[in-house]
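**Q** This is the structure, below, for whatever I ask next.
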Amino acid sequence: MAIRLGDEAPDFTAETTMGPLRFHEWKGNGWAVLFSHPKDFTPVCTTELGAVAALKGEFEKRNCKIIGLSVDPVDSHQRWAGDIKDVTGHAVNFPMIADPNREVANLYDMIHPNASDTMTVRSVFIIGPDHKVKLMITYPASTGRNFQEILRALDSLQLTAGYSVATPADWQDGDDVIVVPSMSDDDARTKFPKGFVAKKPYLRVTPQPNR
Ligand code: BEZ
């Protein structure tokens, strides 16, 4: 069965470059990003893993762990890590799941046979403290991801989990946000003491409430 937003992220045990783990136990009660890449020793993947390593501190600031996956074995991930450091200047500082039997890839529907029978696509799952799937993105092998966008989406998820707001197109942390349409104007006045501007009755904008 395909995973949908709001579903519990399937638990699993796996071998990783940092030893065996059980996913939910490893994740704990924080946030996690689980992402797959198609294959070790490939160019786009090399740049992606370096980019994620460079951003690890940003994920940590957001109480979010990161974990990668491909269907290659652990010894391949470990040999490839040297190349990633050479090319990008960033040592891989998060676990990479080795999934040669595709157990995790199948659980998370990361193999799309009409794209490739053998390789995982570039999936991203953001999973909340309650182990529920909050966001999913899928890219093809030929398109490297923008991990700043993953951080931006994580900021939105964390903000909107705690306040009755939504974030507009291209929103960045600190920008104005949208009052959810289900809230009455009276409730919005109480809830957002800085006030709001109604551009349309259904589009009310307020300063970011936790700033
Ligand atoms: C890459 O990471 O460069 C790549 C991987 C699989 C297919 C195509 C490109």
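No value in this document is a laboratory result; all are computed from the given coordinates. Note that this is a predicted model, so its numbers are computed, not measured. When we count neighbours, we look across all protein chains shown, and the Cβ atoms used for this are built from the backbone with ideal geometry, even at glycine.
**Q** Between Asp185 and Thr13, what is 0.36 nm times their sequence separation minus the Cα-Cα distance? Round to one decimal in nm.
**A** Values: separation 172, 0.36 × 172 = 61.92 nm, distance 4.81 nm.
Taking Asp185 through Thr13 to full extension adds about 57.1 nm, to one decimal.
**Q** Which of these, Ser184, Ser70, Ser164, has the largest mean-square fluctuation under a Gaussian network model of the chain (Cα springs below 10 Å)?
**A** Checking each option, the largest mean-square fluctuation is seen for Ser184.
**Q** Specify the inter-centroid distance of segment 92-170 and segment 1-58, based on alpha-carbon positions, in whole Å.
**A** 8 Å
**Q** Still on this model: Can you tell me which of His131, His112, His37 moves the most in a GNM of the chain? Springs connect C-alpha atoms under 10 Å apart.
**A** Judging by the Gaussian network model, the answer is His112.
**Q** Rank these for me by crowding, Val121, Val177, Val165, going from fewest to most other beta carbons within 10 Å. All intermediate terms of the calculation are to be shown ahead of the outcome.
**A** Numbers: Val121 18, Val177 26, Val165 23.
Exposure proxy ranking, most exposed first: Val121, Val165, Val177.
**Q** Roughly what % antiparallel, to the nearest 5, for the DSSP beta bridges in segment 1-69?
**A** Numbers: 2 of 8 bridges.
Bridges in segment 1-69 that DSSP calls antiparallel: roughly 25 percent.
**Q** Given Cβ point charges of +1 (Lys, Arg) and -1 (Asp, Glu) and nothing else, what value in debye, to the nearest 20, does the dipole of the chain about its Cα centre take?
**A** Values: 23 positive and 27 negative charges, 140 e Å.
Charge dipole, the chain, about its Cα centre: 680 debye, nearest 20.
**Q** Using alpha carbons only, how many degrees (0 to 90, rounded to 10) separate the axis of helix 43-54 from the longest principal axis of the chain?
**A** 60 degrees
**Q** Note down the nm distance, to one decimal, between modelled labels 7 Å out along Cα→Cβ at Gln148 and at Asp83.
**A** Simple spin-label model gives 2.7 nm for this pair.
**Q** Also, quick follow-up: Which number gives the lysine pairs in the chain that have C-alpha atoms under 21 Å apart and are eight or more places apart or on different chains?
**A** Lysine pairs, 8 or more places apart or on different chains, close enough: 16.
**Q** Additional query: What per residue convex hull volume, in Å³, do the alpha-carbon atoms of segment 81-208 yield?
**A** On the way: hull volume 22.0 nm³, N = 128.
Taking only Cα atoms, segment 81-208 has a hull volume of 172 Å³ per residue.
**Q** For Tyr163, Tyr202, what's the fewest-to-most ordering of other Cβ within 10 Å of each Cβ? Don't jump to the answer; show the numbers that get you there.
**A** Details: Tyr163 17, Tyr202 9.
Placing the least packed residue first, the sequence is Tyr202, Tyr163.
**Q** Given 0.36 nm per residue, what is the gain on full extension from Ala166 to Leu5 after removing their alpha carbon distance, in nm? Before the final figure, lay out each step's value.
**A** Working: separation 161, 0.36 × 161 = 57.96 nm, distance 1.65 nm.
Gain on extension, Ala166 to Leu5, equals 56.3 nm.
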